[in-house]
Amino acid sequence: MSIAKLARRVVRALTPYQSARRIGGNGHVWLNANEAPRATPFSVESSKFNRYPECQPTQVVDGYAAYAGVNADQVLVSRGADEAIELLIRTFCEAGEDQILICPPTYGMYAISAETCGVGIVEQPLTADRQPDWPAIRDALSEVKLVFLCSPNNPTGDLVGRDGLIALLEAARDRAIVVVDEAYIEFCPAASVVDLLARFPNLVVTRTLSKAFALAGIRCGFTLATPEVIALLAKVIAPYPIADPVAQIAAQALTPVGLALMQERVLELNAQKAALKSTLIELPCVREIFEDKGNFILVRFVDGARVFAAMKAAGIILRDFSTKPGLGDSIRITVGYQDEMDAVLDILRGLSVDGISADSLTAQKGSAGKTPTGTAPASRL
Ligand SMILES: *Cc1c(COP(=O)(O)O)cnc(C)c1O
């Protein structure tokens, strides 16, 4: 008998998450995982490494609560936002019985975590203007325990409309929890929905230090919710989820100095993003540019496979979304610093002069051509 037969049915059937790090390959310009382009130096102190760490390191909890504008009992620290997603599913969904709702195309881990937990998935694709399909989600509320929304959405970069969210939270009161994943919210802080936590006990917001804070390598994320929800999650989380060096570094990142560094980085990257976008709009090989609220831009090219291959050959690793529904020829580019953006644009300019352009494609297909504001030609994503 093969050992694999002993594994749970869902595990045998599972396709694991294709993380950027797993599928990366060889490159010297890494723009496929929405990481920050450079690390900030931190130092750790080892005198307590013989002891188990605090389950919820006080300095980190207090620091994040102050930064996010909530009370300490509304914060849970976890091993990245990914652990928060799984904890929510394990805490609220009965295996083999309950379901979550997702709005594809969106972040892949909601579905993967549900699958590994034996929890069903209801899909309500984004509408043509890439918003959650509010009426369809409301109709599905009796079938689901958790609704996962992502704002800014990875990979499309759109924000979730606030009015629609509020109406959903009202409709879902006492019925379902609405999770808003704000992994990229530092790039557009005014769009946060954390203020709604005071009005809606069924709202949960997830955050991370992996993106704007440039700390993907330490694995540190947060759940913000009512004290009641936090207490439930705290029953399920492992006894020592946050390694002491992680807690030390996170605490430093959340000091006023650490926060100022993060905000500087955001300003710089947002400026790079604006420059990249204005150049992309001019290039004939570009067909459509999606929303840009995160630290990445999803671009629909005239020939996505050709762009991806040319980048790869030049050692520039991007993330291909062309196989996702409604995202044919689309590639996500993480915003980096000037040298990295120049490397990307050099390749694209090279591709743009040698024939295939949106104009020639438009002539062939009679399609609408480039839509820089991000109005998707596909009817549904
Ligand atoms: C990167 C990302 C995460 C994962 O964050 P970690 O803290 O690194 O686990 C969660 N949600 C979205 C939308 C992301 O893009």
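The values are calculated or read from the model by the stated rules, or taken from the named source; none is laboratory data. Please read these numbers as outputs of a predicted model, since none were measured by experiment. Cβ sites come from the backbone with ideal geometry, for glycine too, and all protein chains shown count toward neighbours. Heavy atoms of the whole protein, side chains included, go into the accessibility calculation; ligands, DNA and RNA do not. Shrake-Rupley method; radii C 1.70, N 1.55, O 1.52, S 1.80 Å.
Across region 292-309, coupling constants 3J(HN,Hα) worked out from phi with the 6.51/-1.76/1.60 Karplus curve, θ = phi - 60°, read 10, 7, x, 9, 8, 10, 8, 10, 9, 9, 5, 9, x, 4, 5, 5, 4, 5 Hz, and Gly and Pro carry x.
Compared with the dominant Cα axis of the chain, that is its longest principal axis, helix 338-353 is turned about 40°. Binning the C-alpha pair distances of region 58-257 at 5 Å intervals from 0 yields a P(r) profile of 1, 8, 17, 22, 22, 16, 9, 4, 1, 0 %, listed from the shortest bin outward. Here the gap between Lys277 and Gln263, fully extended at 0.36 nm per residue and compared with their Cα-Cα distance, gives a gain of 3.0 nm.
Applying a DSSP loop filter and a limit of 12 other Cβ atoms within 10 Å to the chymotrypsin sites (Phe, Trp or Tyr not before Pro) in region 18-77 leaves Phe49. Phi angles across region 245-252 convert, under the Karplus curve 6.51 cos²θ - 1.76 cosθ + 1.60 with θ = phi - 60°, into 3J(HN,Hα) values of x, 5, 4, 4, 5, 4, 4, 5 Hz, Gly and Pro given as x. A cut-off of 5 Å between modelled amide H atoms, ignoring neighbours fewer than 5 places along the same chain, links Leu298 with Phe290, Ile333. Of all the options Glu97, Glu288, Glu115, the one that moves most in a Gaussian network model of the chain with Cα springs shorter than 10 angstrom is Glu97. Rounded to the nearest whole Hz, the Karplus-based 3J(HN,Hα) values (6.51 cos²θ - 1.76 cosθ + 1.60, θ = phi - 60°) of region 30-43 follow the sequence 9, 10, 10, 10, 6, 7, 6, x, 9, 8, 9, x, 9, 10, with x at glycine and proline. Solvent-free Debye calculation, one equal scatterer per alpha-carbon of region 226-328: log10 I(q)/I(0) at 0.23 Å⁻¹ equals -1.19.
Computed with every protein chain present, the accessible area of Asp73 is close to 80 Å² [probe 1.4 Å].
Working from label points 7 Å from Cα in the Cα-to-Cβ sense, the Leu345 to Ser43 distance is 3.9 nm.
Once the Cα atoms of helix 162-172 and of the chain are each reduced to a long axis, what angle between those two axes, in degrees from 0 to 90 to the nearest 10, is obtained? Value to nearest ten degrees: 40. Accessible surface comparison of Tyr107, Tyr184, Tyr52, probe 1.4 Å, protein chains only, largest first: the order is Tyr52, Tyr107, Tyr184.
When you filter the GluC sites (Glu not before Pro) in region 6-69 for DSSP loop state and at most 11 other Cβ atoms inside 10 Å of their Cβ, you are left with Glu45.
In this view, the solvent-accessible surface of Met262, computed with a 1.4 Å probe and all protein chains in place, comes to about 10 Å². Normalised by 2.2 N^0.38 Å, where N is the number of residues, the C-alpha radius of gyration of region 155-252 stands at 1.18. Would you kindly state the longest site-free stretch of the chain, with sites defined as trypsin sites (Lys or Arg not before Pro) in a DSSP loop (not H, G, I, E, B) surrounded by at most 14 other Cβ atoms within 10 Å? Longest stretch, sites excluded: 200-379. How high is the FRET efficiency between Ala72 and Ala305 when r is their beta carbon distance and R₀ equals 41 Å, given to the nearest 0.05? It comes to 0.25. At a probe radius of 1.4 angstrom, the accessible area of region 58-257 per residue rounds to 35 square angstrom. List every residue whose amide H lies under 5 Å from the amide H of Thr208, counting only residues 5 or more places away in sequence or on a different chain, with H placed 1.01 Å from N in the peptide plane. Distant-sequence amide H within range of Thr208: Phe222. Full extension of the chain between Gln18 and Leu232 gives 74.0 nm of extra length, using 0.36 nm per residue less the Cα-Cα distance. Computed on the Cα atoms alone, the convex hull of the chain gives a volume of 160 cubic angstrom per residue.
Spin-label model, Ala313 to Ala136: label points 7 Å out along the Cα-to-beta-carbon direction sit 3.9 nm apart.
With the Kirkwood sum run over all distinct C-alpha pairs, region 195-261 has a hydrodynamic radius of 13.5 Å.
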